[in-house]
């Protein structure tokens, strides 16, 4: 198959656009905010670094979205007593309610998204997608290393 990545990007963009519209309509949240609520509902408490890595977005974008969620009283920021440098993020009671509704919505959407695909094929697809994600993380890591050493670093350096 030629340029599988292009097909995956198209699929991802369609899914993101639909999700963004639905999350805004149902919960008043941006797509990134919805991802944060979903992750924290599954893995709280968490750090901004861990969230950024799991969701695959820049820490700066995540930080703005977390600040918005804190202002909306959906996410709580706390400093552990044993480490005042760390900030832990968790859902408030309102955040947990939104998370439960998000999960119900995701379950319905998943059924529509996978309609007509056998369980066996879905399990195989999940393994393949997990493998592609791992490969993509490695490709990104390498590109980030090259970017730190390459043209961008020289162009912004002294001189």
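The values are calculated or read from the model by the stated rules, or taken from the named source; none is laboratory data. Computed from a predicted model, the values in this text were never measured in an experiment. A quick note on method: Cβ atoms are made from the backbone with ideal geometry, for glycine too, and the neighbour counts reach across all protein chains shown.
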Is it true that some residue in region 131-145 is touching a residue at least 40 places away in the same chain (Cβ under 8 Å), in contact with a helix residue (DSSP H, G or I) (Cβ under 7 Å, 6 or more places away or on another chain), surrounded by 10 or more Cβ atoms within 10 Å (Cβ to Cβ) and in a helix (DSSP H, G or I)? no
Looking only at region 98-124, how many residues end up being free of Cβ contacts under 8 Å to residues at least 60 places away in the same chain and surrounded by 13 or more Cβ atoms within 10 Å (Cβ to Cβ)? 1
Residue satisfying all of: in region 69-92; out of contact with any strand residue (DSSP E or B) (no Cβ under 9 Å at 6 or more places or on another chain), at pLDDT 80 or above and part of a loop (DSSP other than H, G, I, E, B); surrounded by the fewest Cβ atoms within 10 Å (Cβ to Cβ) among these: 73
Here are the criteria: (1) at pLDDT 85 or above; (2) under 16 Å from the mean Cα position of the chain (by Cα); (3) exposed (fewer than 15 other Cβ atoms within 10 Å of the Cβ). Tell me which single one residue 23 does not satisfy. (3)
Extreme residue, farthest from residue 19 (Cα to Cα), among residues of region 75-91 that are touching a helix residue (DSSP H, G or I) at 6+ places or on another chain (Cβ under 9 Å) and free of Cβ contacts under 8 Å to residues at least 40 places away in the same chain: 77
Looking only at region 37-47, which residues are touching a helix residue (DSSP H, G or I) at 6+ places or on another chain (Cβ under 8 Å) and either modelled with pLDDT under 80 or at positive phi (or both)? 46
Only one of 48, 40, 57 is in contact with a strand residue (DSSP E or B) (Cβ under 9 Å, 6 or more places away or on another chain) and farther than 23 Å from residue 108 by Cβ, namely 48
